[in-house]
Amino acid sequence: MRAAILQIPSVGMSTAKFDYYLRIAKSKGCKVVVLGEYLLNRFFKELEKTPIGMIKEQSDHHIKTLKALAKEYDVNIIAPLVIVKKKQPYKTIAKFSPSSVTYYQQQILINYKHWNEEKFFANEITALKSPMIFSVDGFKFAVMAGFELHFDSFWQEIMAKNVDAVLLPTVSTFESHVRWRELIKMRAFTNSCYVIRANRIGEYVEGKVNWNFYGDSLVVSPEGEIENHLGNQEELLMIDLDKNIVKAARKSWGFKEALNKRL
């Protein structure tokens, strides 16, 4: 199974980059392409000041474009997106397949004073459900938002459903490289699965504060090792995923087996 991470800044209304990079991914046999957060829409702090009609126009434009590109290049595109319903914004992740579109509404949103997505978005606060799970050529993927990485409940679903790879779009900033790397390595190792993190690049300036989106998109193996990563530039990273490596890690460490004995 070959997948790809597209690490780019926010694109506004432009679609040229998507066509260019997806053509390359298709030529290299990629079946899944993952984008970081706030690429199709402006960064959250900018959205707070953006008219809701403009947000909807931008999202509708990209939905139409990515539907067509997924079909043209026979690829599955994982793309965080703000959906507007009844003039209310919802933070979601869309999966564009060659034949359909599926939406996952983020379940836990950041709610800090300086970055309060929970207050801005209309996502319902309710009992947690499973992340989005889908299969491509017998390889099982799950999709969760970057902030959801921190919560054990989601990973219980990952292990219970034998997910082979978790796709993790993020918008990490404030020089948090080391913390994110360690969290991702731990989650991959303890759940015997790949974790593929797609971060964006670029920056947002708020007064004297510079929100630097530093990239460092990466893939971590089921053994908790970083197999490959990007720097802080616009790049496309292609990844070979091996289900035999997933199976070997599960057999070697036996974490799920140990839990099943105690159910």
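The values are calculated or read from the model by the stated rules, or taken from the named source; none is laboratory data. None of these values were measured; they are calculated from a predicted model. All Cβ positions, even for glycine, are placed from backbone atoms using ideal geometry, and neighbour counts span all protein chains on display.
When the stretch 197-213 is filtered for residues that are touching a residue at least 12 places away in the same chain (Cβ under 8 Å) and farther than 30 Å from Ala3 by Cα, only Glu206 remains.
The number of residues in the stretch 93-107 being surrounded by fewer than 19 Cβ atoms within 10 Å (Cβ to Cβ) and either part of a strand (DSSP E or B) or of a type outside the set (S, T, N, Q) (or both) comes to 5.
Scanning the stretch 224-258 for residues that are in contact with a helix residue (DSSP H, G or I) (Cβ under 6 Å, 6 or more places away or on another chain), over 14 Å from Ala198 (Cβ atoms) and buried (at least 16 other Cβ atoms within 10 Å of the Cβ) gives a single hit, Gly224. Among all positions in the stretch 236-245, there is at least one residue which is modelled with pLDDT of 95 or more and touching a Pro at 6+ places or on another chain (Cβ under 7 Å).
Among all residues of the stretch 77-87, there is none that is under 19 Å from Leu168 (Cα atoms) and surrounded by fewer than 16 Cβ atoms within 10 Å (Cβ to Cβ).
Kindly list the number of the only condition in (1) within 20 Å of Pro169 (Cβ to Cβ); (2) outside any strand (DSSP E or B); (3) in contact with a Lys or Arg (Cβ under 6 Å, 6 or more places away or on another chain) that fails for Gly224. It is condition (1) that Gly224 fails.
Residue count for the stretch 111-169 satisfying the condition of being in contact with a helix residue (DSSP H, G or I) (Cβ under 7 Å, 6 or more places away or on another chain), surrounded by 19 or more Cβ atoms within 10 Å (Cβ to Cβ) and in a loop (DSSP other than H, G, I, E, B): 3.
Within this structure, Lys64 fails the test of being more than 22 Å from Ile8 (Cα to Cα), surrounded by fewer than 18 Cβ atoms within 10 Å (Cβ to Cβ) and either without any contact (Cβ under 8 Å) to a residue 12 or more places away in the chain or out of contact with any Cys (no Cβ under 9 Å at 6 or more places or on another chain) (or both).
Tell me yes or no: at least one residue of the stretch 207-219 is touching a helix residue (DSSP H, G or I) at 6+ places or on another chain (Cβ under 7 Å), closer than 25 Å to Gly12 by Cβ and acidic (Asp, Glu). Yes, that holds for at least one residue. Considering Phe189, Phe174, the condition of being buried (at least 18 other Cβ atoms within 10 Å of the Cβ) and either over 15 Å from the mean Cα position of the chain (by Cα) or part of a helix (DSSP H, G or I) (or both) is satisfied by Phe189 alone.
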